[in-house]
Every structure is written in C-alpha cells, then in structure tokens.
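To start, the structure under review is shown below, and the notes come after it.
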Amino acid sequence: MLAARGLSAGYGAGPVVRDLDLEVRVGEVVALLGPNGAGKTTTLLALAGALVPMGGAVHIDGKPSRAPLHERARQGLSLVPEERSVVMSLTVRENLRVGRCDPDLALGIFPELGEHLDRRAGLLSGGQQQMVALARALARRPTILLADELSLGLAPQIVQRLLGAVRAAADAGLAVVLVEQHVRSALAIADRVHVLRHGTVAWSGTAAEAKADRDRLLGAYLPLDTP
Ligand SMILES: Nc1ncnc2c1ncn2[C@@H]1O[C@H](COP(=O)(O)OP(=O)(O)OP(=O)(O)O)[C@@H](O)[C@H]1O
C-alpha cells in the first residue's frame, strides 16, 4: 500500500533520515518509535509527500510516487500533523466541514464531540481538539493515515480513546503509520514496529516481539519513554 525504499529525507543541509525501508499494508498499524530528534516526523513528512526524498523513493500501491501532499491527499492519504491541525477560531462543526470530511461520520467516531458542535475549537480541551483533528482525518475516508504524536500532552484515558479509534479504523481496512513517544500505548495497537535512532532504523519487529523485548528496547533506544 505505502512503502519507503531506501528513503533519505531532510531539510536542505542534507538528509536527517537515511536509507529507510518500511511498508504498511491495508488493515495494519505500523508504529515508528524513537527518542526526540530520531527522525520520526521527518519520515512521516516524506511518506506524506510534504518533503521531497533526497534519495530512494516512496511507493504507493507498488509504484514510486513523487506526488506532493495535496495530491496524495486527493488519492486517499490523510496526515494528522504533530501540531494540532484544528482551526481554533472556528467551531467544531465548522472544523468538521473543512475539506472532504463527512461530519456525520466524524461524530460516529467520537460521539462526545456532538455536545460541542457550536463551541469554538480554541475553547476545547487538548484531548477534544485532538479528537476533532483525528475525526476529521478519518472522516475523509482515507486509505492511508499518517499520524504524528496523537498522544502528546494528553491524559492516558484520552490517548486510549484516540488510539482505539485508530485501531478500529485499521481493522476496517485503513493502513496506518503512527509516530509515538508513548511506547506502551503504541505497542497496544500496533502490528509492527520500527525504532528509529539517529535517522536510521535501529530495530524492527512485530508488536508482540517489541512487547516481549520491551525492557531491552527501552534501555537501548527509548530512554525518554514515559509510561
Ligand atoms: N524544519 C526543519 N529544519 C531543519 N531541521 C529540522 C527541521 N525539522 C526537524 N529538523 C531536524 O531533523 C532531525 C529529526 O527531527 P524529527 O522532528 O524528524 O525527529 P523526531 O524523531 O520526530 O523527534 P521529536 O519527537 O522531537 O519530534 C532533528 O535533528 C531536527 O532538529
């Protein structure tokens, strides 16, 4: 579905991620873990088409693609960036109408947003804002979801709710690449895991293997892990 083949990407001064190979298939959640600065966001942006590869390629449905983000978005890719992508001055209802989002579908994913439809997004809690961002991304009926640090700064219950919605969408046929610092939560919903360190893949395996090896993984690669 979506794959990186020998992918290198960065910001002008040279690649910050190098020679990455990874792929995500229909119905699968692939977690990208790693400490701050490891290159997780950079990888996600390159997969999304927001950064042009400096080497290698991104393949979509088996073919190399150089399409930019807006074109990939039309082809069914949804990106939830690290900075919450809700428009604070718009109401929840207005936020859900942006783009090709189906508001009823969005409310089906997070019914609790229903009572806040006419509130400005800026007045919502961080967790509710993230629900709006994720609901909007999922309610475009994408085939690929790329999500960056959904859990950032949020309470465990909300994180579970958000990641549960991601898992349910994958079970319904979505391909997901999830960047997370919250290792335990990511492993709870992921099928496969890549750990990035200094811009390269330091460890790859199934989520079950990562759970079995969690303490060693945390010690070796993920010293900044919280719960
Ligand atoms: N816009 C940018 N311009 C130049 N360098 C950048 C830019 N964004 C990130 N970098 C650098 O690229 C490297 C990888 O950053 P990236 O954000 O991909 O890491 P990350 O694993 O997502 O970390 P974090 O969890 O802190 O977001 C870092 O050294 C960072 O300083």
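Please treat every number below as a calculation from the coordinates, not as lab data. Keep in mind it's a predicted model, so treat the numbers as computed, not measured. Here the Cβ is made from the backbone with ideal geometry for all residues, glycine too, and neighbour counts use every protein chain on show.
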Q: Would you calculate, for the chain, the mean residue ellipticity at 222 nm contributed by helices, counting each DSSP H stretch of 4 or more residues as -39,500 (n - 2.57) and dividing by all residues, to the nearest 500?
A: -9500 deg cm²/dmol
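Pairwise over distinct Cα atoms, reciprocal of the mean inverse distance: report the Kirkwood radius of the range 75-227 in Å, one decimal place. Present the calculation step by step, with values, prior to reporting the outcome.
Values: mean 1/r = 0.0620 Å⁻¹.
Mean inverse Cα-Cα distance, inverted, gives 16.1 Å.
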**Q.** Of Val80, Met54, Leu134, farthest towards positive along the dipole that unit charges on Lys, Arg, Asp, Glu beta carbons give the range 40-154
**A.** Met54
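Taking the DSSP beta bridges in the chain as the whole, what percent of them are antiparallel, to the nearest 5? Don't jump to the answer; show the numbers that get you there.
Working: 21 of 38 bridges.
Counting only bridges with both partners in the chain, antiparallel ones make up about 55 percent.
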Q) Using every alpha carbon pair in the range 39-123, what percent of pairs falls into each 10 Å bin from 0 up to the bin containing the largest distance? A) 16, 38, 27, 17, 3
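Pull out the extension gain between Arg141 and His70, defined as 0.36 nm times the separation in residues minus the alpha carbon to alpha carbon distance; nm, one decimal. Don't skip to the end; give the middle numbers.
Values: separation 71, 0.36 × 71 = 25.56 nm, distance 1.55 nm.
Net length gain for the segment: 24.0 nm.
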Q: Give, rounded to the nearest 20 debye, the magnitude of the charge dipole that the range 70-227 has about its Cα centre when Lys and Arg contribute +1 at Cβ and Asp and Glu contribute -1 at Cβ.
A: 220 debye
Q) What list of ³J(HN,Hα) couplings, whole Hz, do you get for the range 133-150 from phi and the Karplus terms 6.51, -1.76, 1.60, once you set θ to phi - 60° and write x for glycine and proline? A) 4, 6, 4, 5, 5, 6, 7, 8, 6, x, 9, 10, 10, 10, 10, 10, 6, 4
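Nearest-5 percent of antiparallel DSSP beta bridges in the range 100-227?
For the range 100-227, the DSSP antiparallel bridge percentage is about 55.
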Q: Measure out, as a whole number of angstrom, how far apart the alpha-carbon centroids of the range 163-196 and the range 2-57 sit.
A: 16 Å
Q) Just going by the charge dipole of the range 11-121, with Lys and Arg at +1 and Asp and Glu at -1 on Cβ, which of Leu20, Ile109, Ser65 is farthest out on the positive end? A) Ser65
Q. Residue farthest toward the positive end of the dipole of the chain, with Cβ of Lys/Arg at +1 and Asp/Glu at -1: which of Leu7, Leu32, His182?
A. Leu7
Q) Short version: ³J(HN,Hα) in whole Hz for each residue of the range 50-57, in order, from phi by Karplus 6.51 cos²θ - 1.76 cosθ + 1.60 (θ = phi - 60°), x for Gly and Pro, what are they? A) 7, 10, 7, x, 8, x, x, 7
Q: Give me the number: length gained by fully extending Arg120 to Lys63, i.e. 0.36 nm times residue separation minus the C-alpha to C-alpha distance, one decimal in nm.
A: 16.4 nm
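Magnitude of the Cβ-charge dipole of the range 149-198, K/R +1 and D/E -1, about the Cα centre, nearest 20 debye? Please report the intermediate quantities before stating the final value.
Working: 5 positive and 4 negative charges, 21 e Å.
With Lys and Arg at +1 and Asp and Glu at -1, about 100 debye.
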Q | Within the range 8-116: Cβ-based charge dipole about Cα centre, in debye rounded to nearest 20 (Lys, Arg +1; Asp, Glu -1) | A | 340 debye
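Return the Rg/Rh value of the range 95-146, two decimal places, where both radii are evaluated on C-alpha atoms and Rh is the Kirkwood radius.
Rounded to two decimals, Rg over Rh is 0.94.
Going by C-beta contacts inside 10 Å, put Tyr11, Tyr221 in order with the fewest on the left. Write down the numbers at each step before the final one.
Values: Tyr11 11, Tyr221 18.
The fewest-first ordering by Cβ neighbours comes to Tyr11, Tyr221.
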